[in-house]
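What follows is a single structure, written as structure tokens, with notes after it.
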């Protein structure tokens, strides 16, 4: 565990509620959530299927919109941003890792990692240099120019992690990042996440069903019946 993480608040959530409304019914996913997440912390979000874990993660990343409440990320109230503003903010501050790597097969490893940098306007030479550097950090220095189809599942997920880190985000949001991997690769990915936190002091927020992971993270946020049932402060 990182015993020194309670220094700088990266995410501050207050009164967060999410409701889906249709003509004949209303579903409250969660209500009045209040919590803080700190720099360099690894926090796990757990709960039963349908409890709103992924929805919460998407709202924290500005990919979905809450019904009410406020979210402050890196000192910015993302509720006040336009869609274009949210996109720019995400690119500069937040990395995403999903269960499926979502790599583009027509590009090699280093090109896949470079995509967020190219989207932000960085030139190709610098984008490739920075992507090369981060792939070295995640242990794929020998796979830079390999086609995605020639890589193992664990290697592909490492590339996805590198892509999430290449913009030097303050926070990485991971939705079941090892859900598609065997146990051996799962352990390797989690070891990598903890090593990256130690090296880069990045905050990781991980949605998972893996109880082995929750034994080792700094804190666990449990969503159940629309509320947080674990103490976060």
So residue 88, is it over 26 Å from residue 229 (Cα atoms) and out of contact with any helix residue (DSSP H, G or I) (no Cβ under 9 Å at 6 or more places or on another chain): yes
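Quick one: count up the residues across segment 191-212 that are under 21 Å from residue 134 (Cβ atoms), assigned to a helix (DSSP H, G or I) and touching a strand residue (DSSP E or B) at 6+ places or on another chain (Cβ under 9 Å).
Total meeting the criteria: 4.
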Which of the following residues is touching a residue at least 60 places away in the same chain (Cβ under 8 Å), touching a helix residue (DSSP H, G or I) at 6+ places or on another chain (Cβ under 9 Å) and surrounded by fewer than 17 Cβ atoms within 10 Å (Cβ to Cβ): 212, 180, 201? 180
Among the residues of segment 93-119, which ones are within 23 Å of residue 65 (Cβ to Cβ) and at pLDDT below 85? 98, 99, 102
Taking segment 140-177 on its own, how many of its residues are in a loop (DSSP other than H, G, I, E, B) and farther than 16 Å from residue 95 by Cα? 9
Got at least one residue in segment 41-53 being surrounded by fewer than 17 Cβ atoms within 10 Å (Cβ to Cβ) and modelled with pLDDT of 85 or more? no
Counted residues in segment 221-233 being closer than 11 Å to residue 45 by Cα and buried (at least 17 other Cβ atoms within 10 Å of the Cβ) come to 4
Filter result for residue 131 (over 26 Å from residue 9 (Cα atoms) and free of Cβ contacts under 8 Å to residues at least 40 places away in the same chain): yes
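Tell me, which strands (runs of 3 or more DSSP E) lie completely within segment 1-71 with 3 or more residues that are in contact (Cβ under 8 Å) with a residue 40 or more places away in the chain and within 23 Å of residue 81 (Cβ to Cβ)?
9-21, 26-38
The values are calculated or read from the model by the stated rules, or taken from the named source; none is laboratory data. Computed from a prediction, not measured in an experiment: that's the story for all the values here. Cβ: placed from backbone, ideal geometry, glycine included. Neighbour counts: every protein chain shown.
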